[in-house]
Structure formats: structure tokens, C-alpha cells
Amino acid sequence: MDTRQAIHSDHARTLDTAGLRREFLVEEVFRPDALTMTYSHIDRIVVGGIMPVTAPVELPASLGKSYGVAYFLERREMGLINIGGPGWAELDGARYEIGSEEALYIGLGAREVRFGSDDPARPAKFYYNSAPAHRQFPTRRVTLAEAASVTLGDARTANRRTIHKFFVPDVLPTCQLSMGMTKLAEGSLWNTMPCHTHERRMEVYLYFNLASDAAVFHLMGQPQETRHIVVHNEQAVISPSWSIHSGVGTTNYTFIWGMVGENQTFDDMDHVAVADMR
């Protein structure tokens, strides 16, 4: 498990490229036949990937010790979105089939959890976020058709995109976790511009559907102290509540966003005009 400390905005502005990448970038999310895990002290979110290829991958019982509990989801909820081939999750004996671009919400209390792929030649890639939880809500699969979807932006400003909200109050109840997937249209490069912060929630982005020679320049920092991190395919960026989170790619791409914090009001944002950015 990779543990990341919370970083003050005054500290962040002093970091060089290597420092920014060390604190905020998750470079390896998926590893064949393995579970990766990054634990951020920012709102205690946990992010990572599960990629079963030749055998199922389990959440080991030893994880509980790292979190001071008997098992990982004793006091946590978890959400995941599959960006690979078809796969499945087995939770205390109950099996859930999860296709490509489908999601699964796992409520607090699931003890024995394992994941598998239908075809080793096209393995599932389960990207997950986990947050502390105080109440149990039902585990549920959410398909792309069941997500709350909206198309925004304009080709003239290169930000035409469709936002698929998988875990929001309009779709299903969770304690605090919100997750969704945003797809940029062909020819569009910008996400979340004009940008915003939201003091009530932190956020993590996973960028994917990028060719090996493509990248996203992810903007972060306070609105008048912006920095950037170059992000490649299937890498994630941790965004504190004080930071903007926007990006421009060398081509169009897809990203998964996950938020935890004080509320689940999607539109609770502090917008920043482009003219005010520095």
C-alpha cells in the first residue's frame, strides 16, 4: 500500500516536477494478477486497480490490519468501474457480472471479496475508489444505460464531452462516495474548463483511452498558483479540495472521477473564470 500525506497549498507551490508527481500522481494503477492500493490522507480516500488475468484477485484479510479493523470494508464503502473486458465480483458468495464500462457499488460490511475476468486474453480492469462509511447501503451494479448522463461543452472550445454519473444520489444511495466517467468527443481536448474548485470535496481523476504517444496535461494548484502534471494512459491524479482539476490532452480521452467529502451535491462548485487564472 502506498500512503500519501495531505499537502498544504503553501507547500505544494514550492514543489518541483518530481515533487508534484511524487505527492499527487499515481503512476501504476493496474498490474496483472494484482491489487494496487494508494491511501491518501486527504479525506482518507483509497484508490487503485484490480486486474485479474490468470487467477482471481482477492482483497486480502491482512488489509484490515493496515486500517485498524478486522477487514477492509468493515467501516468502508467501495465503488469500481470496469475499463477492461468482462469480469465478475464475488462478495461473501454473491456473484455480480460486470461488463466493460459498467460499475459496481459495494456497501459497508462485505468481508470476502474477490474479482475475476471472463477471458484472460481480454482481462477486466476494475478501477476503484473507497471511502469511510457510517451506514450500509445495498450493493448494486450500475450499467452505462442506468447512469445519469449529460452532454456538455462545444466543439468550438474543444470541450464537447458526455458525463456519465454512476454513483450519485439520483442513481443510488451511498454514504459519501460519488463516481462517474467522462468521455471527450473526437476533436475535443479540454475537460472542466472553465475550471473550479470545491472546498467541500476532494477528487481523484483516472485518465485512460490514451495511446502510448499521447498525454494529458493535468492542471492543478490554487487558481492563481497553477501547476501541471503530465499524465499518461491509466494513471491517476489526486486533487485536494483547494486545487483546480482540469486538463488538456494531445488527443481526446476518457477519465473517471471520484469524490468524497462533506456533501454529494454535484453542482456545488466554486467556479473560476479563465481571466482570473494565473
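Of the residues making up region 3-24, those that are closer than 19 Å to His232 by Cβ, among the aliphatic types (A, V, I, L, M) and buried (at least 17 other Cβ atoms within 10 Å of the Cβ) number 1. Of all residues being assigned to a strand (DSSP E or B) and surrounded by fewer than 18 Cβ atoms within 10 Å (Cβ to Cβ) in region 30-44, which is farthest from the chain's Cα centre (by Cα)? Just the residue, please. Across region 30-44, the extreme among qualifying residues is Ala34. Whenever a residue of region 209-221 is touching a residue at least 40 places away in the same chain (Cβ under 8 Å), its partners that are in a strand (DSSP E or B) and of a type in the set (Lys, Arg), lying with C-beta atoms within less than 6 angstrom and at least six residues away or across chains, give the pairs Met220/Arg227; Gly221/Arg227.
Here is the figure for region 209-241: residues that are assigned to a loop (DSSP other than H, G, I, E, B), buried (at least 16 other Cβ atoms within 10 Å of the Cβ) and among the charged types (D, E, K, R) total 1. Look at region 17-33: where a residue is over 20 Å from Met220 (Cα atoms) and a partner is small (Gly, Ala, Ser) and assigned to a loop (DSSP other than H, G, I, E, B), sitting 6+ places away or on another chain with Cβ atoms under 8 Å, you get Asp33/Ala55.
Looking only at residues of region 86-98 that are in contact (Cβ under 8 Å) with a residue 40 or more places away in the chain and touching an Asp or Glu at 6+ places or on another chain (Cβ under 9 Å), we find that the one that is surrounded by the most Cβ atoms within 10 Å (Cβ to Cβ) is Leu91.
Scan (1) part of a strand (DSSP E or B); (2) out of contact with any Phe, Trp or Tyr (no Cβ under 8 Å at 6 or more places or on another chain) for the single condition Val53 breaks and write down its number. Result: Val53 fails condition (1) only.
Yes/no matrix, rows are residues, columns are (1) more than 14 Å from the chain's Cα centre (by Cα); (2) among the aliphatic types (A, V, I, L, M); (3) at pLDDT below 95; (4) farther than 22 Å from Phe126 by Cβ:
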position	(1), (2), (3), (4)
Gly180	no, no, no, no
Trp190	yes, no, no, yes
Thr197	yes, no, yes, yes
Arg200	yes, no, yes, yes
Val204	no, yes, no, no
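The numbered conditions (1) touching a residue at least 12 places away in the same chain (Cβ under 8 Å); (2) surrounded by fewer than 20 Cβ atoms within 10 Å (Cβ to Cβ) are all true for Ser246 except (2).
The values are calculated or read from the model by the stated rules, or taken from the named source; none is laboratory data. Bear in mind that the values here come from a model prediction, so they are computed numbers and not experimental data. Note: ideal-geometry Cβ built from the backbone for every residue, glycine included; neighbour counts use all protein chains shown.
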